[in-house]
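Taking it in order: structure first as structure tokens, then the write-up.
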Amino acid sequence: MPIIGFFFTIHAISQQTSMAEPDSIISLQEVVVNAYQINTRQHQVPGSISVLSEEEIVTADGNNFANTFHAMPGIYMHSGTYATSRIVIRGVGSRTPYNTNRIKAYMNDIPITSSDGISTPEDIELTGIGRMEVIKGPASALYGSGLGGNINIYTLGAESNKTEALLQYGSYQTMKAAATGNYRKGNLHIGGNLSHLQSDGFRENNRYRRTVLLSSGSWQQRTYSLEYTLMLIDLYAQLPSSVGKTLYETDPGAAAANWKAVGGYKEYQRAIAGVTLTNRISEKWNNRLTLFGRWADSYELRPFNNLDDGTSGGGVRNRLTYHTPNWDALMGFEWINDTYRWQMDLKEELINRNKETRNQSNLFGMVYWRPSPAWNISLGGAVNKVHYRLTDQFSENGDQSGKRDFPAIFSPRVGVNYAPSRIVAFYASTGHGFSMPSPEETLLPEGDINRELRPEQGMQYEAGVRLNLFDNATQLEVTVYRINLTDLLVTKRLTEDIFTGINAGRTRHSGLELMLKQRIFRFKTFPGSLQMNTNYTWSRNRFIDFNDNGEVYNGNKLPGIPSHMAHVGLQWQPATRLRLDAQCQYVGEQYMNDANSLKNDDYFLVGLRTSYHLPTTKTGTFELFTGINNMTNTRYSPMLTVNAVAFGNAEPRYYYPGMPRHYYGGIKWRF
């Protein structure tokens, strides 16, 4: 009854203010998404999907991707530094040591996940992103290997010519400059974003520098269109690494002693480019062909050895679609071929050199049937095949060359959406997904290929309801899910520099996700407009069958996953030119090891941002802004090293300390 009363109160306010003129605050509108590779209204999608618009993506200082991901339920991003992070979706991916390897990421339909399964969407400058869609869990198998789900990123578009420049400065000598431009004339559109971010960091050995160029465009014709995407990244980041409990509690700004001693860092340059040709074959048939190439060169200076690696390759992705009022169908394929080269040296002496060629093939299809306007039923699946070939180029320790053909994996998906009106929709789906072992997991400690290692596989079951109430003043979505994983891939740390992988049994991931977007009030004059975007996630992630070196962990909770997460964003525009944004985030306790003997404390963060738009002049519009993050100066650890191992007499280094209270401010110029 209280919830019903709340909705009717909001409805009354909405009726009272319906004559107010629209303002510039984010509006709640019907969303069209490209979920499951068919454009459709989000209200009719037969499955759960989270969407963020351009205005919702850039929150707080715009430097930390975690603020963006946490605005969506079911997603938690461990964020140790700007260059060290790990994305966990519905509890999948928490055990990866220092990166994300259980999701598949795309930008404008181009795979940006590297050939070793690592995804770093956080490298992309937020001011260059126009929309983000996240499909959670194994039901995203149409996009290939990605057991945790997939992230689809779309660059900015523009209906007219415009240019924007940004200058920003904050605590710890954090400086950011960005420029965005769009040119549109007739059927031609060209856009680009150039950004540079640098910071000294609040910890020792924590300097960071990143420059990103992101450009995209299109040329539209009556029967076909051409699109291009180009991304160039140059990054240098010192690595303070994780610390033990003593430093975390007494000197969180300190770096790990061994990383500080050598001045550990990583640097890389990365390029991704793609061209897409879309042919409108007829009123019912369309074909979309994408050719893309990828290149990366990286170096990492570490206390135990140094890694010099790089990737070059590319691929093709094709999607043929058929559309009628009652049917949508698609079939397509994706093929990627990459060559990954790496070598390690210790005290300037080479200790190995390898080359690995990887072929990944994905054949997919999906049918959508709408027997009536209220129903949308989908049936589809994908067949994936992966092949590795390792060439040992360092003969001093014997030839460990070999190849590994993983068996073809079939991943089906079934979904249904019932929307009897524009007010309510019910959906349910089940789908299969998988994740291939990474190179570190595939190789045994001696360097040989582990031929017994199997892909991790899972089935997801989900059901939910969407509500659009009071002329879209209230948008509410509730989802429940369960994921059963088998052949769990566990990366084991044997020494400080040696990792290997094992299949370690079964896990079960259950949860509830709630998302509420609410226009609380909207007046023509003060108090103006107030809108809320909030989400809550409850999850239970347990080992069902897990035995590690004789230790049985059946029934224990998976480490590195908070059971409770909540995020509240408030946007208040009390006057035409003034806007205030508040972000509140709660992260619950999480275990740090498989034995569940150690816990990381829960924490609550608050951030505020205020902006003022100066009157429009002949030279454009100026926006002045300032903000504060972690305004309560909470001590917290936003990233954990799960199952950290102690070496010698040192403490196990579980903690990445979070930033204390810090400030920022800047100016944005639109013309």
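Here, each number is a calculation from the coordinates, and none is a lab measurement. Because the structure is a prediction, the values reported are computed rather than measured. Reconstructed Cβ throughout: ideal geometry from the backbone, glycine too, with neighbour counts over all protein chains shown.
Just to confirm the filter: which chymotrypsin sites (Phe, Trp or Tyr not before Pro) across the stretch 338-415 are DSSP coil and have at most 14 other Cβ within 10 angstrom of their Cβ?
Counting only loop positions with at most 14 other Cβ atoms within 10 Å, none of the chymotrypsin sites (Phe, Trp or Tyr not before Pro) in the stretch 338-415 qualifies.
Give me the percent relative contact order of the stretch 172-247, please, defined on Cα pairs under 8 angstrom at least 6 residues apart.
Contact order relative to length: 26 percent.
So what is the calculated 222 nm ellipticity per residue for the chain, using -39500 (n - 2.57) for each DSSP H run with n of 4 or more, over all residues, to the nearest 500 deg cm²/dmol?
The helix-only estimate for the chain comes to -1500 deg cm²/dmol at 222 nm.
Check the straight Cα-Cα distances from Lys260 and name the aspartates and glutamates below 12 Å, setting aside those fewer than 8 residues away within the same chain.
By straight Cα distance, Lys260 reaches Glu204.
What relative contact order, as a whole-number percentage, does the chain give when Cα pairs under 8 Å and 6 or more residues apart are counted?
Computed over the chain, the figure is 12 percent.
For Lys245, give me every one of the lysines with a C-alpha distance below 17 angstrom, ignoring sequence neighbours fewer than eight places off in its own chain.
Lys599
Given Lys104/Lys185; Lys185/Lys668; Lys355/Lys557; Lys162/Lys284; Lys136/Lys385; Lys524/Lys618, which pairs have Cα atoms separated by over 31 Å?
Lys104/Lys185; Lys355/Lys557; Lys162/Lys284
At a Förster distance of 22 Å, what's the computed FRET efficiency of His564 paired with Thr610, Cβ-Cβ distance as r, to 0.05?
0.15
Find how much the distance from Ala408 to Glu651 grows on full extension, using 0.36 nm per residue of separation minus their present alpha carbon separation; answer in nm with one decimal.
In short, 83.1 nm is gained.
Sequence gap at least 6, Cα distance under 8 Å: using those rules, report the relative contact order of the stretch 482-610 to the nearest whole percent.
Normalised by residue count, the contact order of the stretch 482-610 is 18 percent.
Just checking my list [x] 156; [y] 204; [z] 215 against volume of the Cα convex hull per residue in Å³ computed from this structure; which label fits?
[x]
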